[in-house]
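Visitor: Submitted below is the structure of interest, expressed as structure tokens.
Here, each number is a calculation from the coordinates, and none is a lab measurement. Keep in mind that this is a model prediction, so the values were computed, not measured. We place every Cβ from the backbone using ideal geometry, glycine too, and count neighbours over all the protein chains shown.
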Amino acid sequence: MAKMKIKKGDLVQVLTGKDKGSQGKVISVDRETQRVLVEGVNRVTRHTKAGVVGSQNRAGGLVVQEAPIHVSNVALVEDKKPTRTKTRVETVERNGRQKATRTRVSVRSGKDI
């Protein structure tokens, strides 16, 4: 399982596909399939049956919702432009012990994210 550079809550921009250029917030990240769910992007229509879910009645009909897209098709946004990220490892001394901390850094500007 590869490490993902996109996290939940990040603002991302879609690089390819039918929603190219649109930006949205990451709702969820699936590390196993390397897919992200982005708010307002890749919206699909689902046909749902009426039924009972838990203690609630669910109405049937058409439901429009987001579908996941591959993480390689999105880029993190910084200053309204997409950027790549890298990781900077720093050693910090706490309570007499050395501890490594990882920080995400923008490749475009060099600032911490």
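Visitor: Once you've got the GNM for the chain with C-alpha springs shorter than 10 Å, pick whichever of Q98, Q56, Q34 has the biggest mean-square fluctuation.
Guide: Sorting by GNM fluctuation, first place goes to Q56.
Visitor: Which of S55, M4, T101 sits farthest toward the positive end of the charge dipole of the chain, with +1 on the Cβ of Lys and Arg and -1 on the Cβ of Asp and Glu?
Guide: The Cα lying farthest towards the positive end belongs to T101.
Visitor: What number, in percent, do you get for the relative contact order of the chain if the mean sequence gap of Cα pairs under 8 Å and at least 6 apart is divided by its residue count?
Guide: Relative CO of the chain lands at 20 percent.
Visitor: In the Gaussian network model of the chain, springs joining C-alpha atoms below 10 Å, which of R88, R58, R102 carries the largest mean-square fluctuation?
Guide: Fluctuation is largest for R58.
Visitor: Between K111 and R43, what is the FRET efficiency for a Förster distance of 30 Å, r being their Cβ-Cβ separation, to the nearest 0.05?
Guide: 0.40
Visitor: Another question about this same structure. Starting from 0.36 nm per residue, how many nanometres of slack lie between H70 and T103 once their C-alpha separation is accounted for? Don't skip to the end; give the middle numbers.
Guide: Numbers: separation 33, 0.36 × 33 = 11.88 nm, distance 2.34 nm.
Between H70 and T103, full extension yields an extra 9.5 nm.
Visitor: Mean-square fluctuation check for the chain, GNM, Cα pairs under 10 Å: which of V92, V12, V36 is largest?
Guide: V92
Visitor: When Rg and Dmax of the Cα atoms in Å is calculated directly from the model, which label among (1) 17.2, 51; (2) 12.7, 36; (3) 18.9, 62 fits?
Guide: Label of the calculated value: (3).
Visitor: So which lysines pass the test for K18, namely a Cα distance under 24 Å, with those fewer than 8 places away in the same chain ruled out?
Guide: Partners within reach: K5, K7, K8, K80, K81.
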